[in-house]
1. Could we say that Ser122 is open to solvent by less than 10 Å² (accessible area, probe 1.4 Å), within 16 Å of the ligand (Cβ to nearest atom) and closer than 28 Å to Met1 by Cα here?
2. Please go through the range 136-148 and give me each residue that is of a type in the set (Val, Ile, Thr), open to solvent by 20 Å² or more (accessible area, probe 1.4 Å) and either farther than 27 Å from Glu192 by Cβ or within 14 Å of the ligand (Cβ to nearest atom) (or both), ordered by number.
3. Given the conditions (1) part of a loop (DSSP other than H, G, I, E, B); (2) more than 16 Å from the ligand (Cβ to nearest atom), which single one is not true for Gly151?
4. Exactly one condition in (1) within 14 Å of the ligand (Cβ to nearest atom); (2) open to solvent by less than 70 Å² (accessible area, probe 1.4 Å) is false for Val105; which is it?
5. Need pairs with beta-carbon distance below 9 Å; first residue surrounded by 15 or more Cβ atoms within 10 Å (Cβ to Cβ) and within the range 89-101, second of a type in the set (Ser, Thr, Tyr); sequence gap 6+ or separate chains.
6. Tell me, which strands (runs of 3 or more DSSP E) lie completely within the range 16-55 with 1 or more residues that are farther than 19 Å from Asp173 by Cα and either over 15 Å from the mean Cα position of the chain (by Cα) or modelled with pLDDT under 95 (or both)?
7. Find the residue count for the range 4-17, including only residues that are near the ligand (Cβ under 8 Å from one of its atoms) and open to solvent by less than 10 Å² (accessible area, probe 1.4 Å).
8. Is it the case, given these coordinates, that Glu185 is in contact with a Lys or Arg (Cβ under 9 Å, 6 or more places away or on another chain), away from the ligand (no atom under 16 Å from the Cβ) and in contact (Cβ under 8 Å) with a residue 60 or more places away in the chain?
Amino acid sequence: MRTVTCTAPVNIAVIKYWGKRDTELILPTNDSLSVTLSQDILHSKTTISACKSFEQDRLWLNGKEEDITKNRRMHNCFREARALRKKMEDESSELEPLSTYKVHVCSENNFPTAAGLASSASGLAALVYTLAQLYELQISTSDLSRIARQGSGSACRSLFGGFVAWEMGSASDGSDSKAVQIAPETHWPELEALVCVVSDAKKGTSSTEGMQHTVETSELMQARISTVVPQRMANIKQAILNRDFNTFAEITMRDSNQFHAVCLDTYPPISYLNDTSRAIMRVIHEYNKDGVKAAYTYDAGPNAVIYAPRENMPEIIRLIAHYFPPPATITLSIITRSSHKKVIPIFPAGSVSRLLHTKVDDGPRTLAEDEALLNSQGLPKRLA
Ligand code: DP6
């Protein structure tokens, strides 16, 4: 039996991917750009074992067995990775015929799934990266990102650390729709992120479903695709290369706002933000009045991710903790700056349930054998 275990990070887009021109191959309607967050705080971990004696492909997600044959996108990733391995085996008879063996896959997130924290991105990136290690595929990370893209669009960006663009490409077979690294995590170490987990029920409309409704019905979306995103991509890349926080922050906030505007322009409309999310936006704009010190962005859910230079973080954490006090069960001493203008009422305790302070960090990691989620029989060590 051959077993490999890897982790992959979460990425949070600053230029949003929202819309597909091909739903089967997962080809987007625009380029996007994201920042990779540290796996020390948020990650998906996957173990894959391949063994001659396994009778079928099996999958356990967060401790529960799932029917792998029902997961079409995952199936596509397996098919592509196996085909590449098969080619290698055909070229060298010394290689073990791993492409013919069934696999057992066990995967866990260290954060709640569907909480709007991009679990599909890290999950599918971990799966594809682990497959590549298991099969010892000799391909570049960008080429591997074309496989991850077919699992979930945003997953292609989680194969790199640092600052990552997903180039939409133009080929109908998706051969040029891939992720590329704009700058590594070491390029801008002062930039940090604060994830504000906003209490809410599970999101109503999935990204996959929501974005297609937007493509079909939103008129604003055409302007976004044809002019807004191409300009923003060029400008934000330059801002990242120059470590120009002002420009980076303004584009990030504008793009998050436009993404939520096209959601509202979808018919029937889609809304992912709630009162707490909107109040956080107001707090940040007030905080930025005398100079840009923080930028918010929101994905398909109410959670805020705030990007800011490290030196501003203690102040931002105090500000959020003041307006959105922690749940009663958590005791935290909050120091508020009395000089700060009250821009919004103080929200009920627990409106923001958790703050995760993290940094820009590296891409997927391969772990040691003793970190495996599967035992020597290829069965999960823990079940839910
Ligand atoms: C709002 O990658 O989850 O997070 O390709 O259908 O799996 P599928 O969608 P997904 O969409 C992510 C949308 C987003 C923006 C982004 O990450 O760029």
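The values are calculated or read from the model by the stated rules, or taken from the named source; none is laboratory data. These figures come from a predicted structure and were not determined experimentally. So basically every Cβ, Gly included, is an ideal-geometry build from the backbone, and we count neighbours across all protein chains shown. All accessible areas refer to the heavy atoms of the entire protein, side chains included, with ligands and DNA or RNA removed. Shrake-Rupley method; radii C 1.70, N 1.55, O 1.52, S 1.80 Å.
1. Here the answer is yes, as Ser122 does meet what is asked.
2. Selection gives Ile139 alone.
3. (2)
4. For Val105, the exception is condition (1).
5. Glu89/Ser99; Glu89/Thr100; Leu98/Tyr135; Ser99/Tyr135; Tyr101/Ser53
6. Values: elements: 20-22, 32-36, 43-51.
Those strands (runs of 3 or more DSSP E) span 43-51.
7. 5
8. Taking the combined requirement at face value, the residue satisfies it.
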